[in-house]
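Report on the structure given below.
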Amino acid sequence: MTVGILKSNQIKSKKMFIKNQKSVLGMAAAFALLSAVSCSIKNNAAHFTDGKFSYAELSVKKGGHWEGRKYIGGTFENVSELDLPKEHTDHSFDIRYEGPGLENNQIAYRIYLDWRNATDIFGKKVDSLVLPKVGQDGFDSYHEDAPWGQDILKAGKSLGIGSYARYDKTSNTVYPFKSVEKTFAKVSNSKTESSVSIDYKGWKTLNDNINLNSKLTIFPYDRFVKVDLTTNQEIDALCTGIVLFKDVPMNKAVSKAGKWGYISTYGKQTLTDRNDLLGMAVIYKVEDVQELTENADNHLVIFKPGSKKITYYFLGAWSDEPNGIKNKSEFLNDLNNKLELLDKNGKL
């Protein structure tokens, strides 16, 4: 049964949100923030079914102005699509939490919509919708511990979790999106899934100039995101991966039928000061992959040349998630169950 967009439960969470913010923001600021959250939810239509939901959002500043590569003034407003301004780069302050977000009951992700193109993780300590209020009380406040959770992954120079780029084997270097003629992003929400679609036109890497579309889809269940990459021509060395932490080993496995595989890490690899644990994985079709390798920043999955479309999955699992995965054994069991499901159905 479809419950709709928050309704009575949403009102309760709004009141609790105001109460939690009084000591930090004051009543006036809390009500202003609540107004922004309400507007965000209304404009983006997260659908709740049997208490589950999926949600995608893209929030940009309007009413301000550019000074060089920084956006000054203005207020955030949710939009369904965006032609990325030529001025935009990392830390331009014009996009809330620096790019589109994807969320369901268990986890949230954000995509850096700039040359870095990494995917980051918001760990959630609640099973309710949080993205509309993330970054409303300070541009990078999500780095701090909050009742809802926080940004838990230090992506650095890596792909973060499950992002995509091109790999140069000679120099063992990953090339993200430093040279792109035009970037267009769009978010979509339905009762069965939520997605972010990004078109990169004129992406120049390794003597190639191509167009690439990525579609990242999250569902009202589990923690994974499905990634579909489509190019306008055949190229080699597309890759994905997971940020590499030297003290956290990488695990890998292939399904019983040999059709699907994964790379994963599990351990103390978060930004928090607590003894929390994080698991990350990329799940791929074996027939699509040329090799598994690593460089200074990433555990890498290198795709074979010749395909114009590639599908894979990524996921994170945080130990502080309510009723979540708490140890490495549980995490690997979960991944192995997913391989069995993929062998059987070809999808998650």
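The values are calculated or read from the model by the stated rules, or taken from the named source; none is laboratory data. Computed from a prediction, not measured in an experiment: that's the story for all the values here. Cβ placement follows ideal geometry from the backbone for every residue including glycine, while neighbour counts extend to all protein chains displayed.
Things to note:
- Annotation note: of ILE72, ILE107, the sole residue that is modelled with pLDDT of 95 or more and either under 18 Å from THR217 (Cα atoms) or surrounded by 15 or more Cβ atoms within 10 Å (Cβ to Cβ) (or both) is ILE107.
- If you go through the stretch 293-340 and pick out every residue that is more than 22 Å from ASP222 (Cα to Cα), surrounded by 16 or more Cβ atoms within 10 Å (Cβ to Cβ) and either without any contact (Cβ under 8 Å) to a residue 24 or more places away in the chain or not acidic (Asp, Glu) (or both), you end up with 8.
- Qualifying residue in the stretch 51-60 (condition: of a type in the set (S, T, N, Q), modelled with pLDDT of 90 or more, surrounded by 15 or more Cβ atoms within 10 Å (Cβ to Cβ) and in contact with a helix residue (DSSP H, G or I) (Cβ under 8 Å, 6 or more places away or on another chain)): yes
- Any pair with Cβ under 6 angstrom, 6 or more apart, that starts in the stretch 107-120 at a residue that is among the hydroxyl-bearing types (Ser, Thr, Tyr) and ends at one that is assigned to a loop (DSSP other than H, G, I, E, B): TYR112/GLY99; TYR112/ALA118
Rundown of residues vs (1) part of a helix (DSSP H, G or I); (2) farther than 18 Å from ASN345 by Cα; (3) more than 22 Å from the chain's Cα centre (by Cα), yes/no style:
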{"site": "ASP222", "(1), (2), (3)": "no, no, no"}
{"site": "ILE235", "(1), (2), (3)": "no, yes, yes"}
{"site": "ASP247", "(1), (2), (3)": "no, yes, yes"}
{"site": "THR272", "(1), (2), (3)": "no, yes, no"}
{"site": "ASN275", "(1), (2), (3)": "no, yes, yes"}
{"site": "GLY279", "(1), (2), (3)": "no, yes, no"}
{"site": "LEU300", "(1), (2), (3)": "no, yes, no"}
{"site": "PRO305", "(1), (2), (3)": "no, yes, yes"}
{"site": "ALA317", "(1), (2), (3)": "no, yes, no"}
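- Qualifying residue in the stretch 272-284 (condition: out of contact with any Asp or Glu (no Cβ under 9 Å at 6 or more places or on another chain), of a type outside the set (A, V, I, L, M) and modelled with pLDDT under 95): yes
- Options ASN78, ASN43, ASN9: the member that is of a type outside the set (Asp, Glu), more than 20 Å from PRO147 (Cα to Cα) and at pLDDT below 80: ASN43
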